[in-house]
Amino acid sequence: MADLIVIAFDSETQAEAAYNEVQALQNDLVVELSGLALVKVDGEGKTHVEYPGTTGKIGVGAAGGALFGMLVGLLFFIPFAGLVFGGLFGALFAGIDKTGLNAEFRDRVKSTVSAGKSAVVIYASKVTEDKFAAAIAPYQGTIVQTSLSEEDEKALIHDLSDAK
């Protein structure tokens, strides 16, 4: 089972510090990451996304990284040039709705991570919850989380792969 965790922060500084902490937790084997992103929403509501550089030890290949990037885009309503054509964008949302990432979850994420706020998006295949929570608590974020079953995770990956 994998966990998709979105942690919203009131300041960019808090989010960046938590983002760095999550990477350290990966090194300490507290979390096994399949995807990680830092999402910043500026004062005008424009979304900016950063992923770990080449030094990040995230357990995804190029295809997995693309899927995670599409997932982040869907959560934060970031348009994709390649998905604008035809019914691909609608098909992706239909596929997402079959999993635990329904419209209600996406709306909760969008309202929590509004203009001027930032978030850390974590897609983890393993989390030692007590150690993870203790390490992230000092950054005072608001957590929005959904757990995906293995079946839902496979369905999501399948749906995202078909939408390319």
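The values are calculated or read from the model by the stated rules, or taken from the named source; none is laboratory data. Keep in mind the model is a prediction, meaning the values are calculated, not measured. Backbone-built Cβ (ideal geometry, glycine too); neighbour counts: all protein chains shown. Please note that ligands, DNA and RNA were not included when accessible areas were found on the heavy atoms of the full protein model with its side chains. Shrake-Rupley method; radii C 1.70, N 1.55, O 1.52, S 1.80 Å.
Figure legend. Inter-residue proximity from the stretch 91-117: first residues in a helix (DSSP H, G or I), second residues surrounded by fewer than 16 Cβ atoms within 10 Å (Cβ to Cβ) and modelled with pLDDT of 75 or more, beta-carbon distance below 6 Å, spacing 6+ or different chains. Indicated pairs: Thr112/Thr142. Count of the stretch 106-138 residues, restricted to those that are touching a Gly at 6+ places or on another chain (Cβ under 6 Å), open to solvent by less than 30 Å² (accessible area, probe 1.4 Å) and over 16 Å from Ala37 (Cα atoms), is 0. Based on what the data block shows, is Ile58 touching a Pro at 6+ places or on another chain (Cβ under 7 Å) and at pLDDT below 90? Yes, satisfied. Only one of the listed residues (Glu21, Glu16) is closer than 14 Å to Lys117 by Cα, modelled with pLDDT of 95 or more and either touching a Ser or Thr at 6+ places or on another chain (Cβ under 6 Å) or open to solvent by 20 Å² or more (accessible area, probe 1.4 Å) (or both). That residue is Glu16.
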